[in-house]
Amino acid sequence: MESSRIRMAVFEALTIGARSGFNDERRRRFLDEGVNLLLADLDMDSLGQMEFCIAIELSTAVTLLPAQLAELASTDAIEQCIREKLGERTENRR
Amino acid sequence: MAMPGREVGYPELNRAVEACAAWLSRRGCAASEIVGITVADEYVHTVASLALLVLGVPQACLPSRDPASMRLHLAQRIGVARVVVTDPALALRGPETLLLPQDILGTPARGDPCATLDADPESPSVYFASSGTTGEAKIFALSQRDMAWRAERIADSERITSGYRALTLVSVEETPGKTKRLHTLYLGKTAVLPGRSTSRVVSPQQLCERFGVTCLELGVLALSSVVTDRSHDHRFPHCTTVYASGSRVPLSLRQSFRGRFDTPLHVHYGAREFGRISSTYPGSDSETVESVGTPVPWIELEIVDGAGTPLAPGEVGELRVRSECMTHEYYRDPAATARHFRHGWFYPGDLASLTGAGALCLHGRSDDMMNLNSIKIFPAEIERVLEEHPAVKAAAVFARPSQAHGDIPLAAVELHESAAVNVDELMARARERLGVRAPRRIFVVDALPRSAAGKVLRRELAGLLATAR
């Protein structure tokens, strides 16, 4: 999966999981300027984290656990994690 | 029996049945072996079925629409020794073929008299297939006593009178179609046979008008077609009452029907293995709760938890029923028997609750219940919300398994003809109404995959959309 599609998947997942924290300004900066957002700033509660992880799983087939999000801490780290997991799968298939 | 261009009274029907029974008897059909019927013609099939009942020969339907391999497989599962056909092309390799000459039905019985009616009323007389939306259909047998008992209970509850004329659009080769015809004839009433495809499409309303139908039984799909078909303005005659059957007859569909027709509509719910479980009676059909009516008086019904403890009204649990006259096992299938028949109860596999007023509400199949991070989700609840959207004709919810989250609920919707829907809007609507139990994806499909009986095949649907994003 291309990086741009992974970023789009994260964008959509944030739209679902971080409704109030992922405001218009952050959406614009995330998409247009490629900024790295800290999850702590996005005001995701436990339900939001679950929704975020489900959305990521549906769009990328990568499983993330809510507990992992605290560890990953930022959108860049999440994207990197997804890339790595998808890469591992590609390697395993070979 | 009434059919296009012809009415057959009981004397004529009896002569045809006797002639057919004599023919079958001469060919050695006996109570010791099971005879299959592969005859699509409604009248001939019914006569052959009655003849086998007269002889006490157990029977099973091997539907002509199924490919030969499926019919043979079913014949082998049941142990069918011979198969009655009218079309030699439908003969199977294996069981002996009994090519029934159709002219035999119009002639008086001759030669050796057929066996007298000494069939054991308690022994299996008809082998039926369950609706089986998952995997292989389960087989169960009903005795003549079982069928008679069911017919009599229904006749009492519906106050069936001498002018009763029943029409079902389900083929005689399907279990509900066959049982309806046998029940009607057992009661000495008129079974209306719609006939096979004619040069032009005839609406159910026209059939009811033409044959003076008092009882029209429709599945959900057929009911939906009647409501949405705006190509004509046919009305039902005043004598007709419509009965819709199935575990899900959406409230919106009932309201649409009542908005368009001044015809009584009742909803039945039951299981082929068990017979009728509940019914809406005049005045009992709430317009605010999508119930399948109140339990019929001749059965016992409970909603229980996993330990078998009865639950209070409003609580959702597994439905179980029992009655004086019920099937107690699946044929040659101990595993399915153990799952569905326990401690004298039959578990249809439906999740249900009772309202304070005693109406039965269904919440989907127990094996369809989803568990999303410990949140219980009932597909029927989601489907009801989606079907409230005016563009949605039918919705089906299925799970995408997730190692982390359990079952992620997804939905597919089939739209009304030339209708359109904004999926984001539908998602938002579902989210607003269902919160965390909302589907996480909604797919618009041309048609939901369905069984011959019209039930949505969720597992097939899940397979079709397994990789869709």
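Coordinate-derived values only; no laboratory data. Please read all numbers here as calculations on a predicted model, not as lab measurements. Don't worry about glycine lacking a Cβ; one is built from the backbone with ideal geometry, like all the others, and counts go over all protein chains shown.
Computed values, structure above
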{"item": "Rh by Kirkwood over Cα pairs, then Stokes-Einstein D for the stretch B:369-464 at 1.306 mPa s and 10 °C, µm²/s", "result": "118 µm²/s"}
{"item": "Solution diffusion estimate, µm²/s, Stokes-Einstein, chain A, Kirkwood Rh from C-alpha pairs, 25 °C, viscosity 0.890 mPa s", "result": "186 µm²/s"}
{"item": "Cα centroid of the stretch B:1-24 to Cα centroid of the stretch A:10-41, whole Å", "result": "75 Å"}
{"item": "Between the stretch B:379-451 and the stretch B:298-320, the alpha-carbon center distance in angstrom", "result": "28 Å"}
{"item": "Rg over Rh [alpha-carbon atoms, Kirkwood Rh] for chain B", "result": "0.97"}
{"item": "Rounded D (µm²/s) - the protein assembly as shown, Kirkwood Rh over Cα pairs, Stokes-Einstein at 25 °C, 0.890 mPa s", "result": "93 µm²/s"}
{"item": "Dipole magnitude of chain B, debye to nearest 20 (Cβ charges: Lys/Arg +1, Asp/Glu -1, about Cα centre)", "result": "620 debye"}
{"item": "Label-point separation, A:S3 to A:E88 (7 Å along Cα→Cβ), nm", "result": "2.1 nm"}
{"item": "Eligible lysines near B:K180 by straight Cα distance, threshold 26 Å, same-chain separation 8 or greater", "result": "B:K138, B:K189, B:K455"}
{"item": "Chain lengthening between B:A89 and B:D229 when straightened (0.36 nm per residue, less Cα-Cα)", "result": "46.7 nm"}
{"item": "Contour excess over end-to-end distance, with Cα ends at B:A312 and B:S123 and 0.36 nm allotted per residue", "result": "64.2 nm"}
{"item": "Exposure proxy ranking, count of Cβ atoms within 10 Å, fewest first, for B:E273, A:E2", "result": "A:E2, B:E273"}
